[in-house]
Each structure stands twice: as C-alpha cells, then as structure tokens.
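The values are calculated or read from the model by the stated rules, or taken from the named source; none is laboratory data. Small disclaimer: the values here were computed from a predicted structure and weren't measured. Here the Cβ is made from the backbone with ideal geometry for all residues, glycine too, and neighbour counts use every protein chain on show.
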Amino acid sequence: MKRAIIGFHKDEKDDWVADLECGHQQHVRHNPPWLIREWVTTEAGRTNKIGNFLFCKDCDRKVL
C-alpha cells in the first residue's frame, strides 16, 4: 500500500529512515550499486521527497 513520506530520521547505524503517514518507517539507503538514492544524502533532497509515496509492506501485512 502506498503511503506518503512525512519526515526522515537516522537509525542507530546512521542510515536514513523515512517516516510514513501510517506511522511505519522504511529505510531509504543510498548504497550503490544496489540502491541509487542520491537524494537521501542532502537535506534539500530529502525535503523534496516529503509528500511522495513509498510502498509500505507493513500496511499490506496489517502490522500495527
């Protein structure tokens, strides 16, 4: 299920995590060559993604 990004924070390993409108979270790592998400490396890039949607597997599995 698609959910809007409402913010970001870093986890204990210093990786970026998107906070979703449903209350769940999703890692948004920039880890070339597997994951290319250069936008996550700057504040402007992250701010630009607020309101965009990510697929929330927890919502699909009905995780509270």
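Quick check on the stretch 38-51: of everything there that is in a loop (DSSP other than H, G, I, E, B) and touching a strand residue (DSSP E or B) at 6+ places or on another chain (Cβ under 7 Å), which residue is surrounded by the fewest Cβ atoms within 10 Å (Cβ to Cβ)? Within the stretch 38-51, the match that is surrounded by the fewest Cβ atoms within 10 Å (Cβ to Cβ) is G51. Across the stretch 1-44, the number of residues qualifying as over 23 Å from K62 (Cα atoms) and over 12 Å from the mean Cα position of the chain (by Cα) comes to 14. Taking every residue in the stretch 42-64 that is free of Cβ contacts under 8 Å to residues at least 12 places away in the same chain and pairing it with any residue that is in a loop (DSSP other than H, G, I, E, B) and not basic (K, R), at least 6 positions away or on another chain, yields no pair with a Cβ-Cβ distance below 7 Å. Residues that are hydrophobic (A, V, I, L, M, F, W, C) and in contact (Cβ under 8 Å) with a residue 24 or more places away in the chain within the stretch 1-27 comprise M1, A4, I5, I6, F8, W16, A18, L20, C22, listed in sequence order. Only one entry in L35, L54 is at pLDDT 95 or above, surrounded by 11 or more Cβ atoms within 10 Å (Cβ to Cβ) and among the aliphatic types (A, V, I, L, M), namely L54.
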